[in-house]
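Colleague: This is the structure I have questions about; it appears just below.
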Amino acid sequence: MKTLYIFTLALFLPLFFYAKTEIKIETNTIQEIGVNQEFIINIKLNKADIKGFAKLEVKFPCDVIVKPIEYSSALFIAKSKYIKFIWVELPKCENINLSFSVKFPYYFKRKIDFLSTFNFLNDNETHVISENNSILVIPELLISADKSNLLKEQIKLSNKEIKRRILFDLNTKLYKEIVFRVQIAALNNNINQQLLQELIENEFEIKEELINGIHKYYIGNFYSLEVANMFRDYCGINGAFVIPYYKSERITISKSRELIKIDALSDVY
C-alpha cells in the first residue's frame, strides 16, 4: 500500500505542476506605430482548467481609443487608460482568444509600455499573472510634449464635463413619469459585490431587475435621453444600451419621444 501511494503521488505530481505552468498570457501586435494610427492587439489566454470569476486587464500609460473585436463571452469595458475583460464564469475551453483595436490620440515618447494582468480565483484565493509589452512609435510621427499635454488636458476636461452633466441629470427631473435607464449586463446568475465594483465607478449605483429568469443590471434613472446616451458611451461597457420607462413599464425609444413631446405641450397649455 505504501509503494502504491508513492507511485500514485509520483504519477500525478508532474500533472499538477504542468497545469500551473500552463496558465499564461501571450500578446501579439505590430512593433511600430504612428500617433493616432489604429492597430490591433491579439491576446491568447491559456487558462488551463480554472473556472469561475476572472478578469484580464490591460493598462496603458496614456489615453486610448479602443474597440472590441473578440471578447469570448466576457463583459468588455474600455475606459481612458485601461480595458477589462470580465468573466462571471470562464468559458470551458482551455485557450481564450481576445482582440481589440487601439488608437493613441496623443503620445510624445518613443516607447509605449503596457501591462496585461490576469486575475482569477482558485481554491478561494486570488491569483495574478502579468505580462509586460511595449510598442515603438515611429520617430517621424511623434508629436511635441506641449501638444501632447494639451491634447491630454482637453480629453481630461471633456470627461470631467461629461461626468458632471451625467451626475446633474440623475438629480434633475425633466419629464413627468418618463425615465431612462442604461442596461450594462444581462446574466443567467446574479453577481456579487466584487464584480459590481469592477463594472463602474462608485458614484453610480447599479440596480438589478429579474425578468424571465434573467438578471438585468442597469444604472439610472436618467431624466434626459441625451444624457442617458452620453452615459452609455461614458461607462465604456460594450453592449450597454438605453431603455425608456413610463410609469415603471418598459417602452420603446420612439414611444418615449412621443410622450416627451406631449408632456412638453401640456406644460405650455
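Taken together, the values in this text are just the output of simple stated rules run on the coordinates, not laboratory data. Predicted, not measured: the structure shown is a model, and the values here were computed from it. Here the Cβ is made from the backbone with ideal geometry for all residues, glycine too, and neighbour counts use every protein chain on show.
Colleague: Can you tally the net charge around Ser158? Count Lys and Arg as +1, Asp and Glu as -1, for every other residue whose Cβ sits under 15 Å from the Cβ of Ser158.
Modeller: Net local charge, Ser158 excluded: +4.
Colleague: Let me ask something else about it. Modelling each spin label as a point 7 Å along the Cα-to-Cβ direction, I'd like the Thr126/Ile206 distance in nm, to one decimal.
Modeller: Between Thr126 and Ile206, the label points sit 1.5 nm apart.
Colleague: Kindly state, to the nearest 0.05, the FRET efficiency for Asn171 paired with Asn149, given R0 = 25 Å and r defined as their beta-carbon distance.
Modeller: Once the sixth-power term is evaluated, E becomes 0.15.
Colleague: Report the residues of region 215-230 in range of a label on Tyr246: point 7 Å along Cα→C-beta, backbone N strictly under 18 Å from it.
Modeller: Only 222-226 pass the distance filter.
Colleague: Moving on. Rg to Rh for region 164-268: what is it, with Cα atoms only and Rh by Kirkwood?
Modeller: Working: Rg = 14.2 Å, Rh = 14.4 Å.
Result for region 164-268 is an Rg/Rh of 0.99.
Colleague: A further question on this structure: Hey, what did region 22-147 get for relative contact order, percent, Cα under 8 Å, at least 6 apart?
Modeller: Numbers: 306 pairs, mean separation 41.0, N = 126.
It comes to 33 percent, rounded to a whole number.
Colleague: Sort Val227, Val88 by Cβ crowding within 10 Å, fewest neighbours at the top. Spell out each step's value before the answer.
Modeller: Values: Val227 24, Val88 19.
Going from sparsest to densest Cβ surroundings: Val88, Val227.
Colleague: Could I ask something else about it? Tell me the relative contact order for region 164-268 as a rounded percent, counting alpha carbon contacts under 8 Å between residues six or more apart. Don't skip to the answer; put the middle values down first.
Modeller: Values: 148 pairs, mean separation 40.2, N = 105.
So the answer I get is 38 percent.
Colleague: Per-residue counts of other Cβ atoms within 10 Å, averaged by peptide: what ranking do you get for 110-116, 201-207, highest first? Kindly include the intermediate steps, with their values, before the conclusion.
Modeller: Details: 110-116: 15.3, 201-207: 11.7.
Going by the mean number of other Cβ atoms within 10 Å, highest first, we get 110-116, 201-207.
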